[in-house]
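Here's the structure we're looking at; comments come further down.
Each reported figure results from applying straightforward, stated rules to the coordinates on display, with no laboratory input. In this text, all values refer to a predicted model and were calculated from it rather than measured experimentally. FYI the Cβ positions are ideal-geometry reconstructions off the backbone, even for glycines, and counts take in every protein chain you see.
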Amino acid sequence: MIFTFLFIFWLILNGKITMEIVLLGLILSMVVTRFSYKTIRVSRELEKKIINKFSKIIKYLFILLVEVIKANVDIIKLVLTKDPEISPTLKTIKVDLKSRISKVALANSITLTPGTITVTMNGDQYLIHAIVKSNLDDIEKSIFVEKLEELEE
């Protein structure tokens with residue numbers, strides 16, 4: 001799967017198809033695929049899991065994009081308000097995500113959302129800073145957590 005994706009990506013980036021481009025693409029795709037299997041422990045089983053969860057991953061990324069845009073609008077409003085109601089707050093939350101990648105994705109999603117930042121992540125506990133205290137209301141049950149839990153199933 002990785003090989004096919006890399007080869008097609010190579011052909012798209014080159015814009016034209018010649019014998020040299022195809023051969024070089026095949027060789028490079030094989031080398032990178034072999035490298036990824038050996039060094040980052042990619043396996044056929046992992047590839048199958050990713051393919052099966054691809055639509056959920058795309059949905060998560062779309063939700064992340066929407067949340068980032070909404071948070072940007074909120075921050076713009078704060079900046080343009082004459083007397084903004086800013087209430088910087090730190091809050092420790094505990095989220096029961098199982099996989100390390102889900103935990104890191106949650107921390108990064110919070111940090112990517114303007115107005116909040118993950119200060120520390122220790123196991124299943126996160127210390128989060130927000131510019132406005134209300135941004136931390138029910139953050140343990142946020143859409144990010146919900147969708148990441150779906151991905152872990």
*Roughly what percent of Cα-Cα pairs across segment 15-153 reach past 24 Å?*
48
*asked:* Of the candidates PHE62, PHE35, PHE54, which one comes out as most mobile in a Gaussian network treatment of the chain with C-alpha springs shorter than 10 Å?
replied: PHE35
_Under 10 Å, Cα contacts only: if you run a Gaussian network model on the chain, which one of LEU11, LEU90, LEU64 comes out with the highest mean-square fluctuation?_
LEU11
*Give me the distance in nm between label points sitting 7 Å out from Cα along the Cα-to-Cβ direction at LEU26 and VAL104, one decimal.*
3.5
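Loop-only check: which trypsin sites (Lys or Arg not before Pro) in segment 33-137 are DSSP coil with at most 16 other Cβ within 10 angstrom?
Listed in order of number, the matching sites are ARG41, LYS82, LYS98.
If I require 20 Å or longer along the helix axis, counting alpha carbons, and a Kyte-Doolittle average no lower than 1.0, what helices from the chain are left? Use full DSSP H segments.
Qualifying helices, which must be both long enough and hydrophobic enough, are 19-39.
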*Which residue, MET19, MET30, MET121, tops the fluctuation ranking in a GNM of the chain built on C-alpha contacts under 10 Å?*
MET19
*Using alpha-carbon positions, what is the distance between the centroids of segment 70-89 and segment 103-153, in Å?*
19
*Given the pairs LYS49/LYS94; LYS53/LYS133; LYS82/LYS141; LYS70/LYS141; LYS70/LYS103, which span a C-alpha to C-alpha distance of over 29 angstrom in this model?*
LYS53/LYS133; LYS82/LYS141
*Could you put GLU152, GLU67 in order, starting from the residue whose Cβ has the fewest other Cβ atoms within 10 Å?*
GLU152, GLU67
*asked:* Just to verify a number: FRET efficiency for LYS70 and PHE5, C-beta to C-beta distance, R0 = 35 Å, to 0.05?
replied: 0.65
*Tell me which residues come under 5 Å, amide H to amide H, from VAL132 once H is placed; ignore anything under 5 positions away on its chain.*
SER87
*Dipole in debye (nearest 20) - the chain, about Cα centre, beta carbon charges: Lys, Arg +1; Asp, Glu -1*: 540
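Report the gain in length on full extension from ILE40 to ASN122: 0.36 nm times residue separation, minus Cα-Cα distance, nm rounded to one decimal. Walk me through the numbers on the way to the answer.
Details: separation 82, 0.36 × 82 = 29.52 nm, distance 2.34 nm.
Between ILE40 and ASN122, full extension yields 27.2 nm more.
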